[in-house]
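Before any comments, here is the structure.
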Amino acid sequence: MKKFIDESWLVLVMGVVFAGLLAGAENTFGPKIAQNKRAELEEAVLAVVPNVARSESKPVGLTEVFKCFDEDDKLVGWALPASGFGFQDKIHLVVGLSPDALKITGLKVVDNKETPGLGNKIDDDEWSGQYAGLDAAKEVKVVKTQREIEQNEIQAITGATISSEAVTKIANQIIAEMRPKLDELR
Amino acid sequence: MADENGNGALQQFKDGVLSDNPVLVQLLGMCPTLAITNSVENALVMGAAASFVVICSNMITSLLRPLIHPHVRILIFTLTIATFVTLADRFLAANMYKVSKQLGAFIPLIIVNCMIICRAEVCAIKSGPLKSFCDACGIGIGFTMALVILGVVREILGNGTLLNYRIMPEAFYGTHEWVIMVLPPGAFLVLGIVIGVSNFIRQDKAGGAA
C-alpha cells in the first residue's frame, strides 16, 4: 500500500491542482465564450431581416426564433436559426422571414466547415443574397446548370452542389416547420 | 552541449530554432503543420498556442523532475500538457473567437502533438529550469517559424492575401486563385519544397565536414 501511495501521490496531487486550475479558467472564460457565440448569432439576425433595430428571442420547443422590430417598434420580420449537415460537418445558419412569413428576406451562414474555396462560398453574401425575396410558402429549388433561374430557384455554387443543396434543404425545413408556429408568437 | 551552464542553454535554444527545428528537421507535429497553415494568422496563433504549452510543460516537468517516478512520467507529461492546452483553447475561444473557430479541433489536438511530449522526455526530465525554458522557447519559435513560412506561401498563392490584406493583383491568377494551395494537397507540396530547400541549405553549410 505504502508503495502505491509513494509512487502515485504526485499524479493525484497534480490531478487535483490542475482540475482546480481548469475550473478557474472555465469560470473566467466561460461567460465570455457564451457571449461570443450569442453575439455571432445576433449579428446574423441583424443581417437577414431588413431595417431591424432590435430583436426578441422567443422559445419554440427546444429551439428559438427571433422576433425583429424596427426603431418604431413595428414588427419587421422573423429570424429563424437552424442547422443541419453539409458536405463535411454541420452548417449553422439564420433565415429571415417577412412579418407575414410569406417572403424570405435573407439568409446568412453563421458557421460551416465546407471545403475552403468551394463549399465555404456559401457564406458569401453575394451567393446567399439569392434567397432574399423568394416565396417562403413554396420550396426553394437549386439549379445546377448555367440556365436562367426561374421562380423560387437559386443557382448552385460551381463545384459545390452538395453544400448549396444542404443550405437550401436546411432553410426549407426550418421554414416549413416554423411558419405555422409564428402566428402564436405575434 | 549537455553541460548545465548558460552556454548550454543558449545552444539548446539555437538548436531548437535551426538545426533541430521540430517541423523542418525532426518532422514532428506534422498534423497542425499540414492542416492549419492555409493562412498566416492561423499559423501564428497555432505557433503561439503550441509555444505556450511547450514552455509550461517543460517548466513544470523540469521543476518536478526529482519527484517524478520514471514509470509514471508519461502520465504526468500528458496530464500537464492536457491542462495547458485546455487553458489555451478556452483563452482563444474567449478572446480570439474568429481564429479559434477556424482552428477548430486543432487547438485541443495540440495535446497529442508529439513535439511537446518529446521535449519533456528528451530535455526537461533531465535538465534544470533554465535550460528547459530555453529549449522550449527555441522549439516554440522554430515551430512557429516553420508554420509561418508555409502560411505565407500558401496564403499568397491560394488567396492572394497576406494577413488578410490583398497583395497580389487579381490578374496574376487568371480566372481564379490557386485554390489547391489552400486545400490539403497544397500543404504537402509546400511542405515538401520547404523541407527540401532547408535540407539543401543545411547540407551546403555543413560543406566538406559532412
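Checking each residue of segment A:44-62 against the condition of being under 17 Å from residue A:179 (Cα atoms) and of a type in the set (Lys, Arg) gives at least one match.
So for segment A:20-37 (the condition being closer than 30 Å to residue B:72 by Cα and either open to solvent by less than 20 Å² (accessible area, probe 1.4 Å) or at pLDDT below 90 (or both)), does at least one residue qualify? Yes; the residues of segment A:20-37 include at least one that is closer than 30 Å to residue B:72 by Cα and either open to solvent by less than 20 Å² (accessible area, probe 1.4 Å) or at pLDDT below 90 (or both). From the list B:99, B:112, B:53, the lone residue that is more than 14 Å from chain A (Cβ to nearest Cβ) and closer than 28 Å to residue A:30 by Cα is B:112. The residues of segment B:93-149 that are at pLDDT 90 or above, of a type in the set (A, V, I, L, M) and open to solvent by 50 Å² or more (accessible area, probe 1.4 Å), listed by number, are B:96, B:109, B:111, B:112, B:117, B:122, B:130, B:141, B:145, B:149. Do we have any residue at all in segment B:56-63 that's open to solvent by less than 20 Å² (accessible area, probe 1.4 Å) and without any contact (Cβ under 8 Å) to a residue 60 or more places away in the chain? The answer is no; no qualifying residue exists. Of all residues in segment A:93-113, those satisfying the criterion of being crowded, with 19+ Cβ neighbours inside 10 Å and under 14 Å from the mean Cα position of the chain (by Cα) are A:93, A:94, A:95, A:96, A:106, A:107, A:108, A:109, A:110, A:112.
Restricted to segment B:1-112, the set of helices (runs of 4 or more DSSP H) holding at least 1 residues that are touching a Ser or Thr at 6+ places or on another chain (Cβ under 6 Å) comprises B:40-64, B:73-95.
From the set of residues in segment A:144-156 that are modelled with pLDDT under 90 and open to solvent by less than 80 Å² (accessible area, probe 1.4 Å), which is farthest from residue A:85 (Cα to Cα)? Ranking the qualifying residues of segment A:144-156, first place goes to A:149. Residues of segment A:1-19 that are acidic (Asp, Glu) and surrounded by 12 or more Cβ atoms within 10 Å (Cβ to Cβ): A:7 alone. Note on segment A:9-91: enclosed strands (runs of 3 or more DSSP E) holding 3 or more residues that are touching a residue at least 40 places away in the same chain (Cβ under 8 Å) and more than 9 Å from chain B (Cβ to nearest Cβ) are A:75-85. Per this entry, residue A:118 is counted among residues that are of a type in the set (A, V, I, L, M), within 14 Å of chain B (Cβ to nearest Cβ) and open to solvent by 50 Å² or more (accessible area, probe 1.4 Å).
Might you check whether a residue that is away from chain B (no Cβ under 14 Å) and of a type in the set (Phe, Trp, Tyr) occurs anywhere in segment A:131-140? Yes.
Listed here are the residues, each with its yes/no results for (1) open to solvent by 60 Å² or more (accessible area, probe 1.4 Å); (2) over 23 Å from residue A:21 (Cβ atoms).
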| site | (1), (2) |
| --- | --- |
| B:18 | yes, yes |
| B:31 | yes, yes |
| B:36 | no, yes |
| B:45 | no, no |
| B:51 | no, no |
| B:69 | no, no |
| B:91 | yes, no |
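Checking each residue in segment B:101-120 for being in contact (Cβ under 8 Å) with a residue 40 or more places away in the chain and over 17 Å from the mean Cα position of the chain (by Cα) picks out only B:102. Kindly indicate the residue of segment A:38-52 that is of a type in the set (A, V, I, L, M) and closer than 11 Å to residue A:77 by Cα and also surrounded by the most Cβ atoms within 10 Å (Cβ to Cβ) among those meeting that condition. Looking at residues that are of a type in the set (A, V, I, L, M) and closer than 11 Å to residue A:77 by Cα, I get A:48.
Sub-8 Å Cβ pairs linking a first residue in segment B:70-96 that is facing chain A (nearest Cβ under 7 Å) to a second residue that is open to solvent by 30 Å² or more (accessible area, probe 1.4 Å) and among the basic types (Lys, Arg), at least 6 apart or interchain, are B:94/A:32, ordered by first then second residue. Filtering segment A:157-186 to residues that are modelled with pLDDT of 90 or more and open to solvent by 100 Å² or more (accessible area, probe 1.4 Å) leaves A:169, A:173. Taking the criterion of being touching a helix residue (DSSP H, G or I) at 6+ places or on another chain (Cβ under 8 Å) and either open to solvent by 70 Å² or more (accessible area, probe 1.4 Å) or of a type outside the set (Val, Ile, Thr) (or both), the residues of segment A:78-92 that qualify are A:78, A:79, A:80, A:81, A:82, A:83, A:84, A:85, A:86, A:87, A:88.
The values are calculated or read from the model by the stated rules, or taken from the named source; none is laboratory data. Everything numeric in this text was worked out from a predicted model, so none of it was measured. Heads up, the Cβs are rebuilt from the backbone with ideal geometry, glycines too, and the neighbour counts pull from every protein chain shown. Keep in mind that these areas ignore ligands, DNA and RNA; they rest on the heavy atoms of the full protein, side chains included. Shrake-Rupley method; radii C 1.70, N 1.55, O 1.52, S 1.80 Å.
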